[in-house]
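Down below is the structure, laid out as structure tokens.
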């Protein structure tokens, strides 16, 4: 596993140590301390910033899927109850034509999540290997067991025995970066872990809910896609809640910050660029109408103003035709 992930682990290690160097120079202190916690936050920001182009593609793909829902449902209704091979083949062909027409596919919206997974597991392996790296080549102190099979692992990028020890001893409210709920007797650490898991689950639920409730047209709230969204709405927070007890505190910090980033990014996108026909679009249009009304501008007047005109050209008022007196 580590051999496959090592290139990503190497990048993760360099970003963390580079961010720690910056925070140490800013006065957060070298060695064990809050600077390593902030380094994980910085790692999250760097990775999510790099994924912004994919997020834009995800938004376009999601909107394409939403817009095509009425046509997709029409195709499904057309072949409902027909299970013969020719009908299934025709249904598949027409569905693929719809995807091509709207420039989307059902997997594009999953790309950011899929690309984050290797980063997530690479960070998990880096933090999980800290005791072995801190032990040094001889494996003298590896997890308190000199004979442990994973003792004495070599450095991961710039993370050598000394840096690994510093990261292990860094803590967030009393919970060390390498603490795992099921492997620690420190009650303070367990409370911190549970708090992070709850925050992680709540932010995941909120992100999914604002997507399904506010940024989907009515047509997209019906059918198989809507059912999948509703399942994800409740399933993902549950998955995080159950699996979170197996992750080190550092990984939970990364995933919680990632969720907060996603929630804020999606909130901004929904508010500024809502999907056509969605509740968010209706609210945006009402807000724009109120602003225009406050300025004394009616929608009819706005409609008369040309959308495109040469730069610097003033809009000329239209003169009403007067009836000539006989």
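The values are calculated or read from the model by the stated rules, or taken from the named source; none is laboratory data. What you see is a predicted model, and the numbers here were worked out from it, not measured in a lab. Note that we place each Cβ from the backbone using ideal geometry, even for glycine, and neighbour counts take in every protein chain shown.
Look at segment 117-137: where a residue is within 18 Å of residue 43 (Cα to Cα) and a partner is surrounded by fewer than 20 Cβ atoms within 10 Å (Cβ to Cβ), sitting 6+ places away or on another chain with Cβ atoms under 6 Å, you get 118/8; 122/5; 122/8; 125/2; 125/5.
When residue 86 is tested against (1) modelled with pLDDT under 85; (2) surrounded by 14 or more Cβ atoms within 10 Å (Cβ to Cβ); (3) farther than 20 Å from residue 264 by Cα, exactly one condition is not met: (2).
Residues are listed down the side, and each one gets a yes or a no for (1) within 37 Å of the chain's Cα centre (by Cα); (2) crowded, with 17+ Cβ neighbours inside 10 Å; (3) over 30 Å from residue 180 (Cα atoms); (4) at pLDDT 75 or above:
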residue: 253; (1), (2), (3), (4): yes, yes, no, yes
residue: 275; (1), (2), (3), (4): yes, yes, yes, no
residue: 281; (1), (2), (3), (4): yes, yes, yes, no
residue: 323; (1), (2), (3), (4): no, no, yes, no
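Exactly one residue among 64, 31 is farther than 15 Å from residue 257 by Cα, in a helix (DSSP H, G or I) and touching a helix residue (DSSP H, G or I) at 6+ places or on another chain (Cβ under 7 Å), and that residue is 64. Restricting the search to segment 182-203, which residues are farther than 26 Å from residue 15 by Cα and either buried (at least 22 other Cβ atoms within 10 Å of the Cβ) or in contact (Cβ under 8 Å) with a residue 60 or more places away in the chain (or both)? Correct list: 182 only.
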